[in-house]
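What follows is a short report on a single structure.
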Amino acid sequence: MVDGSQIIIAGGGRVGFRVAEFFAQRGREVTIIERDPDRSHKQDSDNIEIVAGDATSPPVLSNALTDDTAVIGALTNSDSTNLAVCLAARTFQSNIRTVARITNADSDEYEQLVDEVVFPERASVKTAVNALSGSDVRTFEDVTGEMEVFDIRVASDSQVAGQALNEVELPEGSLVISGAGGEQTATSDTQLEAGERYIVAADADASDIVISAFRGE
């Protein structure tokens, strides 16, 4: 994932809240900015900060941003609002990663303004999570059920870097499927190399531990 622990989501509807919940369950600091707090399912959001307000308002947005903010996802149902939120966030913090939900099918013009575009018809929780996560951990979007399948990069400072699979203590309910780059099936002798990507399957209750082990978190 991108550096920094805080994630801001503008729009606390069904997808926005479930994306926030996904990251909060993995130890990330998450803030939702929502005009209507009742849409944010506040009764279920003890580990998520809810800010009632307009994310396009400079005071509201600047107060939500911190030095530790890594990414902002504008997931409201308004293209103009989402673009405005992303552009405003970048004026306050130039290196922030920006993700916008956009209705227009021609995304090229928008990708010049934001780091990644999410389309409404593809705005599932996993799609939005991948867009916000950056490139280090990618969840396979078409996998159904509770099991997670990841394409994940080993961080240089992780506890598994440089170790063979038969030396690594991964949680029960997890399995490394591919060797480096996904070019061959993993075996017990497969070595997990820093900077390389591996495909990993994990039960829902084991996925957080696996991600932390690979990412050095």
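The values are calculated or read from the model by the stated rules, or taken from the named source; none is laboratory data. Note that the structure is a prediction, hence the values are computed from the model and not measured. Heads up, the Cβs are rebuilt from the backbone with ideal geometry, glycines too, and the neighbour counts pull from every protein chain shown. The protein model used for the area step is the full one, side chains on, heavy atoms only, and it has no ligands, DNA or RNA in it. Shrake-Rupley method; radii C 1.70, N 1.55, O 1.52, S 1.80 Å.
Based on the Cβ-Cβ distance from SER57 to SER212, what FRET efficiency comes out when R0 is 35 Å, to the nearest 0.05? It comes out at approximately 0.50. If R0 is 41 Å, the Cβ-Cβ spacing of ARG18 and ASN95 corresponds to a FRET efficiency of close to 0.95. Rounded, prolate or oblate: which fits the stretch 6-121, taking a ≥ b ≥ c as square roots of the Cα gyration tensor eigenvalues, rounded meaning a/c under 1.5, else prolate when a/b beats b/c? Note, shape of the stretch 6-121 comes out prolate. When you count the other C-beta atoms within 10 angstrom of each residue and take the mean per peptide, 49-62, 182-195, 200-213 line up highest first as 200-213, 49-62, 182-195. As a fraction of the 1.4 Å probe accessible area of the stretch 6-121, surface on carbon and sulfur atoms comes out at 42 percent. Note on GLU167 and ASP203: with the Förster distance fixed at 22 Å, the Cβ-Cβ geometry gives a FRET efficiency of about 0.50.
Taking the Cα-to-Cβ direction at ILE177 and at ALA194 and moving 7 Å from each Cα, how far apart do the two end points lie in nm? Output for this residue pair reads 2.8 nm.
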